[in-house]
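Asks: Here it is: the structure, laid out below.
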Amino acid sequence: MTQLAPGALPAGFEDNFGWLLAQCFRAHMAAMDRAVADLPHGHRGFQALSGAAHCSARNQAQLAKQIGLDRTVMVYLVDDLEKAGLVERIPDPTDRRSRLIRATAAGVDRLKATEAAISVAESELLGALTAEDQGRLRTMLREIAAHHIAAAGHVGACDVAEQAKLCDGSGDGAADGAAVVASREIAAPHGQTPAGQSSG
């Protein structure tokens, strides 16, 4: 494990958990901004596109909750991704009033390219850690995130099963190429929380 040099952090902040998180968050967002600069809505657009490919949400409202966006803002975000040809709205086979958001083939390609750029950026961001420590950090982050998601009751086992049916083509209009992305671990090296589908 890498040892900190004396004076590497301001005195009194070495054990300030909130301050340490804030420094890491700022550095991560700066790296992300550069990696997703060509996507509509930048980081939020990336999360929504990733969710559309992974089928991570049952509808647009759930997607907005996952990303932490106002539902009205989410409508504009999805509109812009659709105009760019990266996602499409398709009928929900279980609810005629609702529409699902799925990544197009072009969207899947753009997602993979963006993930590669993010992977490079995050490798630089975590460069102070060994490869083993980087893996350990990601594992701990997944465990913490999963704990809080479960505590909040965002996604249930039945919801996950239903989403899997829609993603693997059991529902009408599953986007070509989505299964390729969905086959990867959701908490892959880019470590983003994806997005999903639209309620209209």
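The values are calculated or read from the model by the stated rules, or taken from the named source; none is laboratory data. Remember, it's a predicted structure, so these values are computed and weren't measured experimentally. Don't worry about glycine lacking a Cβ; one is built from the backbone with ideal geometry, like all the others, and counts go over all protein chains shown.
Asks: Could you identify the single residue in Ala105, Ala27, Ala31, Ala8 that is crowded, with 16+ Cβ neighbours inside 10 Å and either touching a Lys or Arg at 6+ places or on another chain (Cβ under 9 Å) or not basic (Lys, Arg) (or both)?
Replies: Matching residue, one of Ala105, Ala27, Ala31, Ala8: Ala31.
Asks: Out of all the residues in region 86-102, is one or more on the phi > 0 side of the Ramachandran plot and touching a residue at least 12 places away in the same chain (Cβ under 8 Å)?
Replies: No: zero hits.
Asks: Restricted to region 124-146, and to residues that are within 21 Å of His43 (Cα to Cα) and touching a helix residue (DSSP H, G or I) at 6+ places or on another chain (Cβ under 8 Å), which residue is surrounded by the fewest Cβ atoms within 10 Å (Cβ to Cβ)?
Replies: This residue is Glu124.
Asks: Filter region 75-120 down to the residues that are closer than 14 Å to Ala53 by Cα, in a helix (DSSP H, G or I) and under 17 Å from the mean Cα position of the chain (by Cα) and list them by number.
Replies: Scanning region 75-120 gives Val78, Leu81, Gly107, Val108, Asp109, Arg110, Leu111, Lys112, Ala113, Thr114, Glu115.
Asks: For region 28-37, indicate whether the set of residues that are assigned to a helix (DSSP H, G or I), under 22 Å from Ala117 (Cβ atoms), out of contact with any Cys (no Cβ under 8 Å at 6 or more places or on another chain) and of a type in the set (Val, Ile, Thr) is non-empty.
Replies: No - not one qualifying residue is present in region 28-37.
Asks: Mind telling me which of the residues Ser170, Ser183 ends up being out of contact with any Lys or Arg (no Cβ under 6 Å at 6 or more places or on another chain), modelled with pLDDT under 50, over 26 Å from Pro40 (Cα atoms) and among the polar types (S, T, N, Q)?
Replies: On the way: Ser183 fails: over 26 Å from Pro40 (Cα atoms).
Residue meeting the stated conditions: Ser170.
Asks: Going by the conditions given, is Ala5 within 16 Å of the chain's Cα centre (by Cα), modelled with pLDDT under 90 and not in a helix (DSSP H, G or I)?
Replies: no
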